[in-house]
Every structure is written in C-alpha cells, then in structure tokens.
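K.L.:
Have a look at this one.
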Amino acid sequence: MTASLRDQLDAGIKYLVDQRRVITGIAGAYGNLTSDDRFCYGNIREVRLDHGAFLPDVMPMDEHTVFDLASVTKLFTCIAVLQLAERGKLSLGATVGQIDKRFVHIPDVTVDGLLSFRSALQTSARVDAAPTAEEAERLLFQIRPAPAPKRRFYTDMGAMVLKYIVESVSGQSYFSFLDKNVLSPLGMKHTFAVVPEALLSRTVCYNYERTVVGGDFRIDADCPPGTVHDPKARLLNTGLPAPCGHAGLFSTLPDMVLLARGLLGGALLGQKTLLSIGVNRTGKQLPDGGYTQHMGYLCYAKHPVQTFSEVPACFGGRTIALNGFTGNHFSVDPEQNRFMILLANRIHNRVTTLTGRADPADRTETVRWNDGHTYILSQNFVYMKDKYLKNTIGKLLEGY
C-alpha cells in the first residue's frame, strides 16, 4: 500500500514538472519527529536571457538547493515574537506605541492584533513603488489603521511591523536574533538573509516571472538567484538589513526539516505556546453561506471547506500552515506529530498572475503573450498541489 502511494506521489510530481510544467522542480519532505521521507525532482532553472532571446539553460535541482522561502519567513517572525513572550520580555497585549514610537499612527495596535491578522493596516502609497529603501521604510513607519476586511484577512503588513518589534525588544537586529535563537540552536547552517556567493549557483532562479495586470504584460528580469522575489522585501533589502518580517529568508530542504522537528520537539517553544499558533482567530461563516478567511498567528488555520484550506486535509485543527508565493508550503501538526514541506519554483518563466486571484474552477493552462508565444500559467498551483501532492502525502503519513 505504501509503495503504491509513493508511486502515486512520484507520478504527481512528474505530472506537475514534466507534463503540466506548472513548476520547474520541487524538493519535499514529510514525516514526524524521528523519521521522514524526502524527494527532489526537476530543475532550478530552465532558460536564460541572452541579447533579448530566451535560450535553454537547464540546471538540475537537488536536496541541497537553496530556495526563497517567501512568506514562509513569517513563521520565523512568529517564533521570534513568541519566544520573547515566553521569556517575559514582551506581552502579547502590549501596544506598538509602548514598544516602538516610530510607528506614530498605530500606537494602540497590540502585538496580538498584528500576529493574528486582526489589526488591518495600510500605507499611504505602495511600499514597493517607493524610489528608495529609506523611503519605503518611511512609508512603513507612517502606516495607519485600515478598514476591517470583510472576508480576506491575510496581509504582509503585520509581519513587517513585527520585525521592528522584535528588534526593539531584543536590542538585536532581526536576523541576529533569529540566528542566535532559531538557526544556531537547530543547526540550520544553510538558512540565510543573504545567500553566500559560493552558493548562488545552487540557488533557485525566480527570474523572468510573467504577469498580466490590467491588460499590461510584464516580465520581471531583475531577480537573479539570491535576489528575494517579494518586491517589498527586494526594495527594502537594497539599503537596509535583510530580511523583512514577511519575506526574505532563503533555506534548503534539510534545514526546513530541522525547523519542523525543532517545533515538534519543543526546542523552540513550549507546548502550550506551540498549540496556540494555529488556532483560528478570524474565520467564521457569513450569512450568505461563505466564510471569512481562517488565520492563526501569522499562519493559516484549518478551514471547514478543504478547497479553501491551506492546512492539509489529514492535519488537525492546531496545525501551523504557511504558503510562499514562490511555490512553497510548510505545515506542522503538533497534536499528531506530523510535518509536510514542499519547496517548489512556480515563478521562473511562468505566468504567475492574471488579473484576479487564483480560482479552483479556472482550467486555464497557458497564456498567449504579446510576443505571439504561449507560456505556462502557474496561478492555480496553490490548488493543484493539494490534488497531486498534499493529499497523497497525507495518506503516506498515516503509516508514521
């Protein structure tokens, strides 16, 4: 039974990489505190731009490949905040104004509100459109309360502010705190804010992302290996210490397995705190039959409709689950002693965004570009990975 399930998983991986080509490659792991299985398939890049022409340039992926974690970085921010709380250095009920007076317009917003996505915030202009990193940071310090969302609570803003909260409370740079309190204790030697030059050749290429917004065809040709994909983090990192609180960390599959085991084994947080992270704090059913988004502390919480749940179907209600825009998934179920990690590349030379959000009913596979060629649309990989990866891995985990 297990062998046939593993064959099914391998077939799903090959379908996504070779046939559907929605991702260039993927590295993954699933298991528990004492054992795991891992897989790796595909490439870290496929093409390069040479004098205006895209030429084949294939580089295979292996388990030591370095990935941009994207929004999975939020988990590190959450851990840092909760470690400070456990040590009595920070109260989750404390206000931003009590901790960091640079945020002049949100003095009454609490740390708990930022962690739980219940404090809506907005800047006066787009952070990623600022002319310099310093101006982007100024916009962030001028952040203000926003109207409460009706359905979708997910935002980067709370995690971006919490980076500065960690620094103000600890007296250390954000990455220094992570290194001392998360990375070094777990032996995570290949998790970086800045990828060492010697490792750039084995770092995933997220260059040549294609988007269609308002009929405007765009290609991002400024994201070579080692450059953070998220546009806000990319700008801020040009002049300020990396990473940001919402994105910017790079890591490998073995290191992320160490993180999952560190959480399950209590090496980073106490059990009571760990069990509190994935609790739903925003989700509820609406009069029209729909639901508001289910969120925990800087993570997704279990949703009653599995199609809209980032938590794997076989994982429980205390699961900590995060996705990264680049193609990643990380989930830990502390009650059932399980984890699932998927590190993929859905960005490189793919159309990641059409106007509007991903839609599970949308069967569009390719987009005709304004150069006359067609390109793979990866927008719905967020749903495809459930069918071809997460559901099968869930069944495999039943044997653990």
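Here, each number is a calculation from the coordinates, and none is a lab measurement. All of these numbers come straight from a predicted model, not from anything done at the bench. In this analysis, Cβ positions are derived from the backbone assuming ideal geometry, glycine residues included, and neighbour counts consider all displayed protein chains.
K.L.:
Considering amide H positions built from the backbone, and no H for Pro or chain starts, which residues 5 or more places from Val66, or on another chain, come under 5 Å of its amide H?
P.N.:
Close amide H contacts, sequence-distant or interchain: Thr203, Val204.
K.L.:
About its Cα centre, how strong a charge dipole does region 2-397 have in debye, to the nearest 20, once Lys and Arg get +1 and Asp and Glu get -1 at the Cβ?
P.N.:
In debye, rounded to 20, region 2-397 gives about 940.
K.L.:
Mind ranking 85-92, 73-80 by how tightly packed they are, going by the mean number of other C-beta atoms within 10 angstrom, highest first?
P.N.:
Highest to lowest by the protection proxy: 73-80, 85-92.
K.L.:
Can I ask one more? Explain nothing, just the number: relative contact order of region 185-295, from Cα pairs under 8 Å at least 6 residues apart, as a whole percent.
P.N.:
Value for region 185-295: 24 percent.
K.L.:
Contact order normalised by length for the chain, with contacts defined as Cα pairs under 8 Å and 6 or more residues apart; what percent is it?
P.N.:
Relative contact order for the chain comes out at 22 percent.
K.L.:
Which shape class applies to region 126-251: rounded if a/c is under 1.5, otherwise prolate when a/b exceeds b/c and oblate if not, where a ≥ b ≥ c are the square roots of the Cα gyration tensor eigenvalues?
P.N.:
Taking the square roots of the gyration eigenvalues as a ≥ b ≥ c, region 126-251 is oblate.
K.L.:
Mind checking the dipole of region 149-261: about its Cα centre, +1 per Lys or Arg Cβ, -1 per Asp or Glu Cβ, Debye to the nearest 20?
P.N.:
400 debye
K.L.:
Working from the pairwise distances between different alpha carbons, so that the mean of 1/r is found and then inverted, what is region 194-312's Kirkwood radius in Å?
P.N.:
That comes to 17.8 Å for region 194-312.
K.L.:
Hey, another quick one. Residue by residue through region 312-327, what is 3J(HN,Hα) from phi via Karplus (6.51 cos²θ - 1.76 cosθ + 1.60, θ = phi - 60°)? Round to whole Hz and write x for glycine and proline.
P.N.:
x, 4, 7, 8, x, x, 9, 5, 9, 10, 9, 10, x, 4, 5, x
K.L.:
Return the subset of Lys189/Lys395; Lys302/Lys395; Lys284/Lys385; Lys180/Lys387 for which the Cα-Cα distance in this structure is over 27 Å, preserving the input order.
P.N.:
Exceeds cut-off: Lys189/Lys395; Lys180/Lys387.
K.L.:
Along the positive direction of the dipole of the chain (beta-carbon charges: Lys, Arg +1; Asp, Glu -1; about the Cα centre), which of Val111, Gly265, Leu298 reaches farthest?
P.N.:
Looking along the dipole axis, the top candidate is Val111.
K.L.:
Pull out a ≥ b ≥ c, the square roots of the eigenvalues of the alpha-carbon gyration tensor of region 6-134, then state rounded if a/c is under 1.5, prolate if not and a/b is larger than b/c, and oblate in the remaining case.
P.N.:
It is oblate, given that a/c is not under 1.5 and a/b is not larger than b/c.
K.L.:
Roughly how far apart, in whole Å, are the Cα centres of region 289-324 and region 239-285?
P.N.:
Each part's Cα centre sits 15 Å from the other's.
K.L.:
Rounded, prolate or oblate: pick one for the chain, where a ≥ b ≥ c are the square roots of the eigenvalues of its C-alpha gyration tensor, a/c under 1.5 means rounded, and failing that, prolate if a/b is larger than b/c, else oblate.
P.N.:
Rounded shape, in that the Cα axes give a/c under 1.5.
K.L.:
Among Ser71, Val47, Gly25, whose Cα projects farthest towards the positive end of the dipole of region 1-129, with charges put on the beta-carbon of Lys, Arg (+1) and Asp, Glu (-1)?
P.N.:
The one lying farthest along the dipole's positive direction is Ser71.
K.L.:
Separate question: Sequence neighbours fewer than 8 away in the same chain don't count; with that in mind, list the lysines whose C-alpha is under 17 Å from Lys74.
P.N.:
Leaving aside lysines fewer than 8 places away in the same chain, those within reach of Lys74 are Lys163, Lys232.
K.L.:
Neighbouring Cβ atoms within 10 Å as the yardstick, rank Thr203, Thr273, Thr355 fewest first.
P.N.:
By the 10 Å Cβ count, ascending, the order reads Thr355, Thr273, Thr203.
K.L.:
Go through Leu178, Gly283, Pro60 and say which Cα lies farthest out towards the positive end of the charge dipole of the chain; charges sit on Cβ, +1 for Lys and Arg, -1 for Asp and Glu.
P.N.:
Going by the Cα projections, it comes out as Gly283.
K.L.:
Distance between the C-alpha centers of region 116-187 and region 22-85? Whole Å please.
P.N.:
Region 116-187 and region 22-85 have Cα centres separated by 23 Å.
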